[in-house]
Amino acid sequence: MDWVLYDDSYEAERIGIVTLHNPEKRNALSEEMLAALDATLRRVGAERKVNAVILRGAGTVFSAGHDLREILAGDPPAVQKLFEVCYSAMQTIRQLPQVVIAEVHGVATAAGCQLVAASDLAVASTAAKFATPGVKIGYFCATPAVFLSRNVGRKKAAEMLFTGEFMDAVDAERHGLVNRVVPPEDLMERTLELARQVARYSLQTIGAGKEHFYRQLGLEDFAALAYATQVMALASTTQDAKEGIRAFLEKRDPVWSDRPGILGGD
């Protein structure tokens, strides 16, 4: 079975689409699916054909989280391995040069909610719902808590983790888990619209900017500023920075190094 599908229909626009593909099990994040997701994203990152990656779920649910039967049947080493594979997939999302945009059409719970929180951007349908319900089954959502608590405020994250109750899409936007909430019928096009806004720029710039953004979040204010100062100084020497600045001053559209002949502006 193909646990993860890749759609290259929009590669001309520098956009790739990755779909979790186990709708019969609500896109449960089994070890096999997580490994397939990790491998697919690594390939996309290495090929550098796209600048933005949309992450979808097949069927009616985005992802219901880890496969609990797999956890229940596994001994501690097997469960440890499962969570190490999950760690690797989340790390790959963070380390990709491309921007990863979660497109959430339905329920995203536990590790499925974690997947949304780990993505760089997220667009949700008004029908989407989010929860970290591990407390209800005696299995606290410790790993989902990491990214959730770095997206939403501490009190809201604690509420989700200690009650296990759903948060609707409007609240998810209000508290910072998703960027936009749209009607279900507009979800695909609005997510593509956001991806297009990102994908028109230089992959070199996007990748370097993504690395800087996440690294500086973990630093004290002036340590972050010192790091950013070094980043800006080094970035000024890159081909795309020089081209972009010249294009701005010359009042023309830039042509990025990874797309000769393709305009980078509006």
Need the failing condition index for residue 63 against (1) within 17 Å of the chain's Cα centre (by Cα); (2) closer than 30 Å to residue 256 by Cβ, just the number.
(2)
Do any residues in the stretch 1-24 that are at positive phi have Cβ atoms under 9 Å from those of residues that are modelled with pLDDT of 95 or more and in a strand (DSSP E or B), where the two are at least six apart or on different chains, and which pairs are they?
14/52
Residues of the stretch 201-226 being surrounded by 14 or more Cβ atoms within 10 Å (Cβ to Cβ) and part of a helix (DSSP H, G or I), which ones?
203, 204, 205, 206, 207, 208, 209, 210, 211, 212, 216, 224
Could you identify the single residue in 223, 172, 233 that is assigned by TED's automatic domain parsing to the domain that holds residue 133 and at pLDDT 95 or above?
172
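Here are some residues: 134, 106. Which one is surrounded by 16 or more Cβ atoms within 10 Å (Cβ to Cβ) and farther than 21 Å from residue 21 by Cβ? Full working, then the answer.
Details: 106 fails: farther than 21 Å from residue 21 by Cβ.
Step by step, each of 134, 106 is checked, and only 134 is surrounded by 16 or more Cβ atoms within 10 Å (Cβ to Cβ) and farther than 21 Å from residue 21 by Cβ.
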Selection count where residues are surrounded by 14 or more Cβ atoms within 10 Å (Cβ to Cβ) and not in a helix (DSSP H, G or I), scope the stretch 71-90:
1
Looking only at residues in the stretch 26-45 that are more than 14 Å from the chain's Cα centre (by Cα) and among the small types (Gly, Ala, Ser), which one is farthest from residue 85 (Cα to Cα)?
28
Any idea which residue in the stretch 93-103 is surrounded by the fewest Cβ atoms within 10 Å (Cβ to Cβ), counting only those that are under 10 Å from the mean Cα position of the chain (by Cα) and not in a loop (DSSP other than H, G, I, E, B)?
94
Regarding residue 24, is this residue over 23 Å from residue 130 (Cβ atoms) and among the acidic types (Asp, Glu)?
no
Does the stretch 22-32 include one or more residues that are basic (Lys, Arg) and outside any strand (DSSP E or B)?
yes
Residues in the stretch 148-172 that are over 22 Å from residue 123 (Cα atoms) and under 20 Å from the mean Cα position of the chain (by Cα): how many?
0
Provide a single number: the residues in the stretch 236-266 that are modelled with pLDDT of 95 or more and on the phi > 0 side of the Ramachandran plot.
1
Per the list (1) crowded, with 16+ Cβ neighbours inside 10 Å; (2) in the same structural domain as residue 47 (by TED's automatic domain parsing), residue check on residue 193 breaks on (1)
Take the conditions within 14 Å of residue 53 (Cα to Cα) and either buried (at least 24 other Cβ atoms within 10 Å of the Cβ) or at pLDDT below 95 (or both) and apply them to residue 116. Does it pass?
yes
Which residues, taken from the stretch 44-70, are touching a residue at least 24 places away in the same chain (Cβ under 8 Å) and part of a helix (DSSP H, G or I)?
44, 45, 68, 70
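The values are calculated or read from the model by the stated rules, or taken from the named source; none is laboratory data. All values reported here derive from a predicted model rather than from experimental measurement. Every residue, glycine among them, receives a Cβ derived from its backbone with ideal geometry; neighbour counts consider all protein chains shown.
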